[in-house]
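See below for the structure under consideration.
The values are calculated or read from the model by the stated rules, or taken from the named source; none is laboratory data. Model, not experiment: these values are computed from the prediction. Don't worry about glycine lacking a Cβ; one is built from the backbone with ideal geometry, like all the others, and counts go over all protein chains shown. Note: areas computed on protein heavy atoms with side chains; ligands, DNA, RNA excluded. Shrake-Rupley method; radii C 1.70, N 1.55, O 1.52, S 1.80 Å.
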Amino acid sequence: MAQQEYLQPALAGLDPTVDGVDPALPLYATTFVVVDLETTGGAPDGGGITEIGAVKVRGGEELGVLGTLVNPGVPIPPFITVLTGITQAMLLPAPPIEQVLPSFLEFVSDAVLVAHNAPYDVGFLKAACARHGYRWPNLRVLDTAALARRVLLRDEVPNRKLATLAAYFRAGTQPTHRALDDARATVDVLHGLIGRLGGHRVDTVGDAIEFSRAVTPTQRRKRHLAEGLPRSPGVYIFRAADDRPLYVGTSRDIATRVRSYFTAAEKRARMSEMLAAAERVEAVECAHPLEAEVRELRLIGAHAPPYNRRSKYPERMVWLKLTDGPYPRLSVVREISPGDRAYLGPFTSRRTAELAAAGFHDAVPLRQCTHRLSLRTITPACALAELGRCPAPCEHRITPQEYDDRAVQPFATATTGDPQPVVDALLARIETLAAAQRYEEAATLRSRLAAVLRATVRMQRLAALSGIAELAAAHPAAGGGWELALVRHGRLAGAGVSPAGVHPRPTLATIRATAETVSPGHGPVPAATPEESERILSWLERPETRLVEMSDSWASPVAGAGRFRDLLEKAESGASHQLWSERS
């Protein structure tokens, strides 16, 4: 069999994909398999194991023992023989590792693997499994050496060697560099360390594994904040001593997610600072993950927690609209009103709005000056008119009707309908610049094209959803039944879960009776933030989601911006060489 490539990953901790033992299992009820290997020395390459010793224990009682010599298939270095007492003659009749692995893997199944300096032993075992075609059971692993570094002080033991720890805990078997003796010594060390964990509020196998990792004193001191939280979808809020929200997050399992902030996996500096200021964690249980995501957005928008980076200021969105009066121009504004002729947005920043505006200026002859023009009085033209970039309405070189047809109408049509003329004009200019080898200018225009398409696609999607007075949808729940959502004008008005085996109609009727009243408004997001409506859209567009009821039709323009999504992806990825032929 060809040797498989082996890469030693990190030890298993609280990864939900790990097999076997529940991390919430108490230490006294956990089955441990304490293992030790003797090897020929070298790196874990699938061979080199000369002896395996393993002891299975639970609650201080020995349940089983596995010990065997292993023929490594290679000569043993003399210094290994001197260290362990294992000779070449002893290994000749021993079985090879591929014959030992099935028994060993069965012995360790459904247990927590324990070893002293575990990465070394586990690395050899994983490499052997990979080389000989056995699936390594991704067991939880506890390293007694790492645990001793967290539990014992330098004043108690000078080092964390197995012999030192065995002597400190008065182990019944002293290490001899033979696998079974060293495994038995490690069992006594493990029991001694578990006896010290109670003072650190470590009672479960998951807590012990995480405690053995390099967590900060703040994480260790504040880990009690994760106690008593529900294991259900919802929102969690870290609060300061004055009850001020510090950080808001969401998860399908609140308890598991909050516990992760107090583990070695959490390395973000701002989170360490947040944990130092936090005094309690508040949980808001939700019917399903969509409701949790929406509530998170609303809480962040309402309280602007200092340690949240995204969605903190939803009111800072801006719009691009046509001004009133003769010869309209594009203006970046904070709000839009029903009287506005045409607008585009919302944009997350003024910079992105101005980038889209530059794209329209490159495609259609909208004036860029900020003067208020008059149909009677002539205003001197600027340099753009001399360069042919503006039809000079200030000097009345173009009639209001011509200006409307050539400049205003293409923008208005692109925002709510077909942006084809704008796209064609920008692609033609990009092609001309590329042919002239003016690639930097072509790349700038490509960025503007992407900004135009991104904004028009987004607004038309949001407008299609917010135009529906009421929409009910269902998504299969993980444990059976249905996750139900009631959406009104793009806002989540109600949510619930229909249990498995129960018709969802009565649950939906209850949700509708208690749902939030949402009034229609102006614009593509009249009743919610753009982020909330987009989260709802993503949920509705999943293949498994079913539309149950709708008060209005849900449709986008046939010749709308949505058909340019492929072009948008290429523009955003910078694949300019593919743009010239994409005009569909």
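What the table shows:
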quantity	calculated
Sorted largest first, extent of segment 309-427 alpha carbons per principal axis (Å)	48, 31, 27
Segment 319-378, accessible surface, carbon-and-sulfur percent (1.4 angstrom probe)	47
Theoretical ellipticity at 222 nm over the chain - DSSP helices of four or more residues, -39500 (n - 2.57) apiece, nearest 500	-11500 deg cm²/dmol
Furthest towards positive pole of dipole, Ser331, Leu180, Gly41, structure part the chain, Cβ charges	Ser331
Sequence ranges 185-193, 406-414, ranked by mean other-Cβ count within 10 angstrom, highest first	185-193, 406-414
Pair Arg58, Asp324: separation of 7 Å Cα→Cβ label points (nm)	7.9
Cα-based Rg / Dmax (Å) for segment 171-328	23.2, 96
Sequence-distant residues sharing a close amide H with Val65 (under 5 Å, placed H)	Lys56
Folded to 0 to 90 degrees: helix 289-303 orientation relative to the chain principal axis, Cα	70
Hits among lysines - C-alpha to C-alpha of Lys126 under 25 Å, sequence gap 8 or more where chains match	Lys56, Lys161
Debye, to nearest 20: dipole size of segment 425-584, +1 on Lys, Arg Cβ, -1 on Asp, Glu Cβ	220
Antiparallel bridge percentage (DSSP; both residues within the chain; nearest 5)	90
Simple spin-label estimate for Asp45 and Ala276 in nanometres, 7 Å along Cα-Cβ	4.8
Theoretical gain in end-to-end length, Gln409 to Thr517 [0.36 nm per residue, Cα-Cα removed]	35.2 nm
The chain - Kirkwood radius from inverse mean 1/r over Cα pairs (Å)	29.6
Residue-normalised accessible area of segment 374-471, expressed per residue, 1.4 Å probe, Å²	48
Separation in nanometres of the label points that stand 7 Å from Cα toward Cβ, at Gln437 and Asp243	7.0
Distant-in-sequence amide H partners of Val114 (H built 1.01 Å from N, under 5 Å)	Val33, Val34, Val35, Leu142
Extension reserve of the Trp554-Ala264 stretch, reckoned as 0.36 nm per residue once the Cα distance is removed	99.7 nm
Packing rank of 153-164, 28-39, 436-447, where each peptide gets the mean count of other beta carbons within 10 Å, highest leading	28-39, 436-447, 153-164
Cleavage-rule hits, trypsin sites (Lys or Arg not before Pro), segment 334-369, DSSP coil, Cβ neighbours within 10 Å at most 11	Arg334
Extension gain, His303 back to Thr379 (0.36 nm per residue minus Cα-Cα distance, nm)	22.5 nm
Alpha-carbon centroid distance for the pair segment 240-288 / segment 493-572, whole angstrom	29
Reciprocal of mean inverse Cα separation for segment 459-577 (Kirkwood radius, Å)	15.6
